[in-house]
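For reference, the structure discussed in these notes is given below.
The values are calculated or read from the model by the stated rules, or taken from the named source; none is laboratory data. Everything numeric in this text was worked out from a predicted model, so none of it was measured. We place every Cβ from the backbone using ideal geometry, glycine too, and count neighbours over all the protein chains shown. Each accessible area value is taken on the protein alone, full model and side chains, heavy atoms only, with ligands, DNA and RNA left out. Shrake-Rupley method; radii C 1.70, N 1.55, O 1.52, S 1.80 Å.
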Amino acid sequence: MKYKQIISAYICLWIYAPLLLLALTPTIARGTETFPKPGWQDRPNPIAGSDAVVGGEIAVFAGQYPKSLNYYLDNNSFTVEVFGALFETLLSMHPITLEYEPGLAKTWRISDDKKTFTFSINQHARWSDGHPITAHDVKWTFDAILDPKNLTGPHKVSLERFSSPTILDEHTIRFQAKDVHWMNLGAVGGFNILPKHVFEGKDFNKINYEFPVVSGLYKIGIINEGIFLTLERREDWWNTHAKSSRGTGNFQTMKFRFYAERENAFEAFKKGQFDLFPIYTSRLWVNETRGEKFSKDWIVKQKIYNQNPIGFQGFAMNMRKPPFDDIRVRIAMAHLLDRPKMNSTLMYSQYFLHRSYCEDLYDKNHPCPNQLIEFDKTRARDLLKQAGWTVNPATGILEKNNQAFSFKFLTRQASTDKFLAIYAEDLKDVGIELIIDRKDWAAWAKDMDEFNFEMTWAAWGSGVFKNPESMWSSREAERKSGNNITGFKNTTVDSLIEKQKSIFDIQERNSIYREIDRMIYDAHPYVLLWNINYTRLLYWNKFGTPDTVLSKYGDETSAYWYWWIDRDSEADLADAMSQGLSLPPKEPSIFFDEMFTE
């Protein structure tokens, strides 16, 4: 799971090859490099707390009930968290250096032309039913993802660069890339492997909630549909004694509770029904973290500054059909969003306003050239007029070809209403009607999979290693269930995406990504919104945590893997609450780079 948190792209998250391999694959025996490098050793995770103990439960808010727990079918952050706890990948990744390390594969080989990848699976690796994990499982999973009838859109993008893998023996598998790409090793080393003997012959698109056999540290415990789900720690996990596993995955039970509205979940948190609650709403952070529970430090309030990559969020416009197929209309829609007003009145000026789709590509040495889109009704009216929209004096609504400018904003939660109310008023003032079309998560996701929307609020994570292909490639614009939800197409961007594939220097790639970012920005597929560069956490004061609290590149979900129940703190909290006493305060801000020492 830590691997997915680190390298997942825009979204959406770980000795020596046998001699038999040399005999079976003479074409790659000459000019290959074997990993991990000589001298590599399994070492303790440098972030994990030395005092961590196993046991207890952590309860967290998981949003709305997902349409599936199969990450290959439901590309959302909660599903990837659960799926990654159940199923492992061939490779892992060091949480600090980001170097590839053994996962299910104990060794791997890369040919000099960087197109052939051979993995030797650890012969101790076992499924939870005792069956060995083999090359047959790897090949079956790969083929299932690429099967055209399976709705695995975003996951096809990186694996389509390969032919179906070749099984060399029970524990050795070879992938042959069609072209060189810097992501190739991560692609074939980073997809979660499923058990062939369990799922073969079943309709993959109906594998949603039942996973009776797993390989990871956790298995599914109880599913109370729409209410909660638990994961239970396995005592028989095949890799539990590895040094790198110590101090991680410490909770015996992870309990995920589902609420349709985040504000209702926050009230439940304050009543003790959740243990950890990240705050995404400034009003809650500023105004609702008062009272005895906070002043007496029963609930900890912390800002965590680390190197978690900054994603972006915005109002996605479906460019496949009118009116948002016209760039002048899209720019006008951006000028009609009063972001400064929303930031100051609704979010207490805690956010910075987006002017990029990849904010962390820019720094003092690489300043962002994109101009901040200002709230400007005059400019918006002018653009709309240029696009052929004129006001009907009888209705006050803009019209073009006898069609009124009225559109539906597809949303999935009431907390967006206050933002949309401001937006709707300013749109109405220039003659545009915004209609809120609210659906639950599953219905929203279905519409998004089919591109059945006009405008919606979309928030995307980012990754340390950027890969613009799945979201911005023209080829992905019509792939159902994909990430290119706006239908963005640009031949120059396509050529730059192709160019970066064979570049292994990250700084050189980032330079190309800045070019891509500027072109996307100029096309305005989203009305960009705002963001913050830290994580706002609230949690009941009963946990042991690493000094850094969260991992170097992770968000609040890294707490699931690195925290533990501190029995002394748990007892102190209970005593303080029963007697009305205060607990020692914790640091209000944690800076990873200051706290981390290996």
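Among the conditions (1) touching a Pro at 6+ places or on another chain (Cβ under 9 Å); (2) open to solvent by 40 Å² or more (accessible area, probe 1.4 Å), the only one that Lys489 does not satisfy is (1).
Here Phe504 meets the list (1) assigned to a loop (DSSP other than H, G, I, E, B); (2) open to solvent by less than 20 Å² (accessible area, probe 1.4 Å); (3) among the aromatic types (Phe, Trp, Tyr) almost entirely, failing just condition (2). Mind checking which residues of region 247-262 are of a type in the set (Ser, Thr, Tyr) and outside any loop (DSSP other than H, G, I, E, B)? Once the filter is applied, which keeps residues that are of a type in the set (Ser, Thr, Tyr) and outside any loop (DSSP other than H, G, I, E, B), region 247-262 yields only Thr253. When region 287-313 is filtered for residues that are farther than 19 Å from Gln350 by Cβ and either of a type in the set (Ser, Thr, Tyr) or in a helix (DSSP H, G or I) (or both), the ones remaining, listed by number, are Glu292, Lys293, Ser295.
If the condition is being surrounded by fewer than 22 Cβ atoms within 10 Å (Cβ to Cβ) and not in a loop (DSSP other than H, G, I, E, B), then region 521-534 contributes Tyr521, Asp522, Ala523, Trp530, Asn531.
Looking across region 182-206, the residues that are open to solvent by 10 Å² or more (accessible area, probe 1.4 Å), more than 14 Å from His155 (Cα to Cα) and in a loop (DSSP other than H, G, I, E, B) come down to Trp182, Glu200, Gly201, Lys202, Asp203.
Per the conditions (1) surrounded by fewer than 23 Cβ atoms within 10 Å (Cβ to Cβ); (2) over 30 Å from Asp593 (Cα atoms), the sole criterion not satisfied by Thr134 is (1). Restricting attention to region 539-562, the residues that are touching an Asp or Glu at 6+ places or on another chain (Cβ under 9 Å) and more than 20 Å from Val464 (Cα to Cα) add up to 8.
The residues in region 114-131 that are surrounded by fewer than 21 Cβ atoms within 10 Å (Cβ to Cβ) and closer than 16 Å to Gly186 by Cβ can be counted, and the count is 3. Looking only at residues in region 432-444 that are modelled with pLDDT of 90 or more and aliphatic (A, V, I, L, M), the one that is surrounded by the fewest Cβ atoms within 10 Å (Cβ to Cβ) is Ile435. Each residue in region 559-598 was checked for being closer than 16 Å to Leu538 by Cα and either touching a Ser or Thr at 6+ places or on another chain (Cβ under 6 Å) or aliphatic (A, V, I, L, M) (or both), and 6 pass.
Taking the listed residues Tyr348, Tyr357, Tyr280, the one that is among the aromatic types (Phe, Trp, Tyr), part of a loop (DSSP other than H, G, I, E, B), touching a helix residue (DSSP H, G or I) at 6+ places or on another chain (Cβ under 9 Å) and at pLDDT 95 or above is Tyr357, with no other qualifying. One residue is enough: does region 143-156 have a residue meeting the conditions farther than 22 Å from Lys206 by Cβ, assigned to a loop (DSSP other than H, G, I, E, B) and modelled with pLDDT of 95 or more? Within region 143-156 (the criterion being farther than 22 Å from Lys206 by Cβ, assigned to a loop (DSSP other than H, G, I, E, B) and modelled with pLDDT of 95 or more), the answer is no, since none of the residues qualifies. Name every residue in region 214-246 that is assigned to a loop (DSSP other than H, G, I, E, B) and over 18 Å from Glu88 (Cβ atoms), in order of residue number. Residues satisfying the conditions are Glu225, Gly226, Ile227. Taken as a whole, the condition of being modelled with pLDDT under 95, β-branched (Val, Ile, Thr) and closer than 30 Å to Lys271 by Cβ does not apply to Val53. No other residue among Phe211, Phe204, Phe175, Phe199 is within 24 Å of the chain's Cα centre (by Cα) and closer than 15 Å to Asp143 by Cα apart from Phe204. The lone criterion from (1) assigned to a strand (DSSP E or B); (2) under 30 Å from Lys439 (Cβ atoms) left unmet by Ala265 is number (1).
Given the criterion charged (D, E, K, R) and part of a strand (DSSP E or B), identify the matching residue among Asp447, Asp437. Just one listed residue meets the conditions, Asp437.
Scanning region 151-181 for residues being of a type in the set (A, V, I, L, M), open to solvent by 30 Å² or more (accessible area, probe 1.4 Å) and touching a helix residue (DSSP H, G or I) at 6+ places or on another chain (Cβ under 8 Å) gives a total of 3. Is region 100-113 home to any residue that is in a helix (DSSP H, G or I) and open to solvent by 10 Å² or more (accessible area, probe 1.4 Å)? Within region 100-113, not a single residue is in a helix (DSSP H, G or I) and open to solvent by 10 Å² or more (accessible area, probe 1.4 Å). Can you pull out the residues in region 214-241 that are more than 24 Å from the chain's Cα centre (by Cα) and aromatic (Phe, Trp, Tyr)? Scanning region 214-241 gives Trp237, Trp238. Cβ separations smaller than 8 Å between residues 6+ apart or across chains give the following pairs from region 405-429 residues that are closer than 22 Å to Asp326 by Cα to residues that are in a helix (DSSP H, G or I) and of a type in the set (Asp, Glu): Leu410/Asp447. Considering region 311-359, the residues that are over 26 Å from the mean Cα position of the chain (by Cα) and of a type in the set (Asp, Glu) include one that is most open to solvent (accessible area, probe 1.4 Å), namely Asp325. The residue that is modelled with the highest pLDDT, counting only those in region 377-431 that are in a helix (DSSP H, G or I), of a type in the set (Asp, Glu) and open to solvent by less than 60 Å² (accessible area, probe 1.4 Å), is Asp426.
Scanning region 157-176 for residues that are of a type outside the set (A, V, I, L, M) and in a strand (DSSP E or B) gives Phe162, Thr166, Asp169, Thr172, Arg174, Phe175, Gln176. Of all residue pairs spaced 6 or more apart or on separate chains, those with beta-carbon atoms under 7 Å, a first member in region 496-508 that is closer than 12 Å to Asn467 by Cα and a second member that is open to solvent by 20 Å² or more (accessible area, probe 1.4 Å) and in a helix (DSSP H, G or I) are Leu496/Glu515.
Of the residues making up region 65-99, those that are over 15 Å from the mean Cα position of the chain (by Cα), of a type in the set (A, V, I, L, M, F, W, C) and open to solvent by less than 10 Å² (accessible area, probe 1.4 Å) number 5.
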